[in-house]
Amino acid sequence: LTQQIANTVNEVTHASGVGVIIEAQHLCMAMRGVQKQHSTMKTSVLLGSFRDAPDTRSEFLHLVDN
């Protein structure tokens, strides 16, 4: 899903770089009473300048980490 969103944003906007980070929680686990109810999963995709330029990548990851 993360890759699909990044590709679509890239195709529609023709941006020089795209960064997508998704953090999600599996509600089916929480609803069933699994012990790790608050476990989350995070996926990311970086395209273009966000992937190729270390300074741009670092700035993006710093901004979304806060």
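What the table below lists for this structure:
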{"quantity": "Pairs with Cβ under 9 Å, 6+ apart, first in region 27-47 and within 12 Å of residue 2 (Cα to Cα), second at pLDDT 65 or above and aromatic (Phe, Trp, Tyr)", "calculated": "46/60"}
{"quantity": "Hits in region 37-58 - residues which are polar (S, T, N, Q) and out of contact with any strand residue (DSSP E or B) (no Cβ under 9 Å at 6 or more places or on another chain)", "calculated": "58"}
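The values are calculated or read from the model by the stated rules, or taken from the named source; none is laboratory data. Note that the coordinates shown come from a computational prediction; the quantities given were computed from them, not determined experimentally. Note that we place each Cβ from the backbone using ideal geometry, even for glycine, and neighbour counts take in every protein chain shown.
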